[in-house]
Amino acid sequence: VDAFQAWCGPCKTVVDLFRKIRNEVGSDLLHFAVAEVDSIDALEKYRGKCEPVFLFYAGGELVAVVRGVNGPLLQKTILAQL
């Protein structure tokens, strides 16, 4: 989940990375979503930050968080969680 604030919008620079990984591992295993933290109370703790935050969920539970746009770390985290 790309957790973003309304004033900065979702992180478009990693969309290609997510598409590439999703094509490699299969669409059934990986799902990508965006969530505006300003309108979701459960994501309140991510408000007021100027860096992108990527939340990884498995089985409905938060399993990893990556702060900032770090392509290699995002890819490593995705593959480790799969």
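Could you state the accessible area per residue of the stretch 2-80 in Å², with a 1.4 Å probe and every protein chain left in place?
I get 64 Å² per residue for this part.
Rounded to the nearest 20 debye, what is the charge dipole size of the chain about its Cα centre when +1 sits on each Lys and Arg Cβ and -1 on each Asp and Glu Cβ?
280 debye
Given a 1.4 angstrom probe, I'd like the percentage of the accessible area of the stretch 2-80 that is carbon and sulfur, rounded to a whole number.
Summing carbon and sulfur atoms, their accessible area is 53 percent of the total for the stretch 2-80.
Using the charge dipole of the stretch 2-80 (Lys, Arg: +1 at Cβ; Asp, Glu: -1 at Cβ; taken about the Cα centre), state which of Val14, Tyr57, Val34 has its Cα farthest towards the positive end.
Going by the Cα projections, it comes out as Val14.
For Cα pairs less than 8 Å apart in space and 6+ apart in sequence, what is the mean separation divided by the residue count of the chain, i.e. the relative contact order in percent?
Contact order relative to length: 33 percent.
Quick check on the chain: helices-only [θ] at 222 nm, where DSSP H runs of length 4 and up contribute -39,500 (n - 2.57) each and the sum goes over total residues. Nearest 500, please.
-8000 deg cm²/dmol
Find, to one decimal place in angstroms, the Kirkwood hydrodynamic radius of the chain, where the mean of 1/r is taken over every pair of different Cα atoms and then inverted.
Hydrodynamic radius (Kirkwood, Cα only) of the chain equals 13.1 Å.
The values are calculated or read from the model by the stated rules, or taken from the named source; none is laboratory data. What you see is a predicted model; the values in this text were computed from it and never measured. Counting neighbours? That spans all protein chains shown, and the Cβs are built from the backbone with ideal geometry, glycine included. Each accessible area value is taken on the protein alone, full model and side chains, heavy atoms only, with ligands, DNA and RNA left out. Shrake-Rupley method; radii C 1.70, N 1.55, O 1.52, S 1.80 Å.
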